[in-house]
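Peer 1: This is the structure I want to talk about, given as structure tokens.
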Amino acid sequence: MVKLTEDMKDVMEKTRGYAIATCTKNGIPNVVPIHFIKILSDDEIMMADIFMKKSFENIQQNPVMAISVWDWDVKPRKGYQFKGIPRIETSGKIYDMAVEMVKAEKPDLTAKSAIVVKITDIFVTTPGPDAGKNVEEIS
């Protein structure tokens with residue numbers, strides 16, 4: 001079972017942005033920058049949907065996605081890619097959490113939904129010999 005490590009969580013908490021990737025049902029990719037992401041558990045990440053039009057549509061058509069995170073301020077640089085299965089929440093505790101997270105930093109914006117990603121795979125994007133490897137392959 002794939003789990004976020006403390007190192008991965010540290011990189012996520014230090015970053016100022018993420019790149020998220022989705023695809024249409026026909027395989028046309030879409031990558032967008034996202035700022036509002038929260039770790040829910042060792043295998044779930046929540047992001048606030050504020051302006052996701054194409055990404056939202058892609059998730060409905062093809063429920064898979066990737067999230068890339070990096071920390072350029074450390075030497076050596078660190079990065080990870082999380083792949084997983086998203087679900088959309090438009091009410092309830094997690095949706096309320098997304099709304100509150102956005103409002104706390106940008107009171108003029110409102111989250112339309114919360115996208116919760118169940119992580120299925122984690123890959124290393126840190127430069128070096130392990131770049132591109134699934135963390136489960138690294139001992």
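Peer 1: Can you pull out every residue in the range 100-119 that is surrounded by 17 or more Cβ atoms within 10 Å (Cβ to Cβ) and either touching a Leu at 6+ places or on another chain (Cβ under 8 Å) or farther than 17 Å from Val32 by Cα (or both)?
Peer 2: Met101, Val102, Val116, Ile119
Peer 1: Also, quick follow-up: Would you say Asp96 is of a type in the set (D, E, K, R) and either more than 26 Å from Val2 (Cβ to Cβ) or at pLDDT 95 or above (or both)?
Peer 2: yes
Peer 1: Report yes if some residue within the range 41-55 is among the small types (Gly, Ala, Ser) and surrounded by fewer than 19 Cβ atoms within 10 Å (Cβ to Cβ); otherwise report no.
Peer 2: Kept after step one, since they are among the small types (Gly, Ala, Ser), are these residues of the range 41-55: 41, 48, 55.
From what's left, surrounded by fewer than 19 Cβ atoms within 10 Å (Cβ to Cβ): 41.
Yes, that holds for at least one residue.
Peer 1: Also, quick follow-up: Filter the range 112-139 down to the residues that are small (Gly, Ala, Ser), farther than 20 Å from Met52 by Cβ and touching a residue at least 40 places away in the same chain (Cβ under 8 Å) and list them by number.
Peer 2: Gly128
Peer 1: Just give me the residues in the range 83-93 being closer than 18 Å to Leu4 by Cβ and either modelled with pLDDT under 95 or among the aliphatic types (A, V, I, L, M) (or both), in sequence order.
Peer 2: Across the range 83-93, the qualifying residue is only Ile85.
Here is a yes/no grid of residues against (1) among the acidic types (Asp, Glu); (2) within 16 Å of Ala19 (Cβ to Cβ); (3) at pLDDT below 95:
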site: Asn58; (1), (2), (3): no, yes, no
site: Val64; (1), (2), (3): no, yes, no
site: Tyr80; (1), (2), (3): no, yes, no
site: Ala104; (1), (2), (3): no, no, no
site: Thr110; (1), (2), (3): no, no, yes
site: Val116; (1), (2), (3): no, no, no
site: Lys133; (1), (2), (3): no, no, yes
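Peer 1: Keeping to the range 96-139, report how many residues are touching a strand residue (DSSP E or B) at 6+ places or on another chain (Cβ under 7 Å), of a type in the set (Val, Ile, Thr) and within 20 Å of Ser41 (Cα to Cα).
Peer 2: Final tally of qualifying residues: 9.
Peer 1: If Lys38 passes every condition in (1) buried (at least 16 other Cβ atoms within 10 Å of the Cβ); (2) of a type outside the set (Phe, Trp, Tyr); (3) touching a Leu at 6+ places or on another chain (Cβ under 8 Å) but one, which one does it miss?
Peer 2: (3)
The values are calculated or read from the model by the stated rules, or taken from the named source; none is laboratory data. Computed from a prediction, not measured in an experiment: that's the story for all the values here. In this analysis, Cβ positions are derived from the backbone assuming ideal geometry, glycine residues included, and neighbour counts consider all displayed protein chains.
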